[in-house]
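Structure first, commentary second.
The values are calculated or read from the model by the stated rules, or taken from the named source; none is laboratory data. All values derive from a computational prediction rather than experimental measurement. As a convention, Cβ positions derive from the backbone with ideal geometry for all residues, glycine included, and neighbour counts pool all protein chains shown.
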Amino acid sequence: MKVVPLRLLADTSCVRGVRREIEGFRKRLAAFPAQDSNVKLVTSNLDDFEGLLNGGLAKLNGDPGQAADIEKRIESFATKYDRKVLPLKIRAPFTIGNVEAYDKAMDAACVPGPSLSAAEEKNRAFPDRAVQRQRIRTAMTHLKQCAVAALGSVRMPAVASTDAGLTIIAKRVLNLPKDNISKWERMVISRDKRHHERRRGWIEPGSVNTLDLTIYTYTWDDFTVTTAEKRGDELWLFSNQFENYGSGDSTTTTGEWYLAARTELTRILPANLDKPPLPTRPK
């Protein structure tokens with residue numbers, strides 16, 4: 001090492017730590033023959049580094065204003081680049097609004113900081129935020145273009161069934177107070193009704209020489225509808241899975257349709273709401 005960074009010299013705790021490391025190295029070297037060529041080389045390098053450290057400290061102590069300036073710069077960098085003040089990673093859903101909000105947050109967080117001297121620029125320990133900002137801006141522009149392009153291809157799923165009875169069930173369940181999903185622009189049955197059956201058993205100790213075997217048979221029907229619902233000024237698609245158990249264990253509710261799962265899918269443009277699904281690519 002030919003240069004000791006000034007920001008290290010200005011930090012007294014770092015200097016103390018470096019001196020402890022030097023002292024530790026010297027104690028460890030003392031256990032080896034002093035005339036050994038490798039020991040001499042390590043000792044020489046250690047002496048050179050300690051000389052650089054002492055020389056830098058003498059120069060810094062001779063100019064208190066320089067030390068104060070370095071402390072001020074370090075404090076400004078620490079505040080500016082603290083993880084707590086930087087935006088979190090962008091998360092799904094990648095809506096145009098979310099992308100633009102994140103873009104503005106990154107813009108505010110990555111404004112240019114204090115200018116650096118040539119030596120500080122060479123020995124910087126943190127990434128160049130101006131370069132990072134340009135990369136982020138380029139990525140955001142691409143992400144916005146992809147979001148717009150992808151949004152234009154979103155359609156309602158293909159109709160899997162036109163069973164009026166299933167549609168009535170879905171509307172009734174979604175309108176129940178516990179679900180309270182009473183507004184949608186369009187609804188399609190995206191997966192037709194299916195029947196399922198499964199058995200589960202338990203073996204438990206009985207009396208002294210017996211075991212108790214319990215077996216339950218679960219049977220149920222399910223189907224899925226996709227709804228297009230208003231969220232502010234946007235339309236979003238939701239997948240809603242309904243189930244109705246015919247049999248089960250003592251805690252299973254039977255003979256009643258209920259909303260078993262509900263998943264937010266993606267945004268859809270109002271103009272695409274009644275358009276047929278795009279053809280799928282052959283595998």
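Some notes on this structure:
- Of Gly201, Gly165, all but one fail to be modelled with pLDDT of 95 or more and either part of a loop (DSSP other than H, G, I, E, B) or surrounded by fewer than 16 Cβ atoms within 10 Å (Cβ to Cβ) (or both); the exception is Gly165.
- So Arg231, is it of a type in the set (Lys, Arg) and either at pLDDT 90 or above or touching a Pro at 6+ places or on another chain (Cβ under 6 Å) (or both): no
- Yes/no for Leu259 being touching a helix residue (DSSP H, G or I) at 6+ places or on another chain (Cβ under 7 Å) and touching a residue at least 40 places away in the same chain (Cβ under 8 Å): yes
- A search for C-beta distances below 6 Å between a residue of region 159-179 that is closer than 18 Å to Thr263 by Cα and any residue that is in a loop (DSSP other than H, G, I, E, B) and among the aliphatic types (A, V, I, L, M), counting only pairs 6+ apart in sequence or on different chains, returns Leu174/Ile181.
- Pairing residues of region 28-48 that are under 19 Å from Val18 (Cβ atoms) with residues that are of a type in the set (Phe, Trp, Tyr), at Cβ distances under 7 Å and at least 6 apart in sequence or on separate chains, gives Leu46/Phe25.
- When the residues of region 222-251 are filtered to those that are of a type in the set (Asp, Glu) and under 36 Å from the mean Cα position of the chain (by Cα), the one that is nearest to Gly152 (Cα to Cα) is Glu234.
- Any hit, region 38-45, residues being modelled with pLDDT under 80 and among the hydroxyl-bearing types (Ser, Thr, Tyr): no
- Residue tally, condition closer than 20 Å to Gly232 by Cβ and in a loop (DSSP other than H, G, I, E, B), over region 168-187: 6
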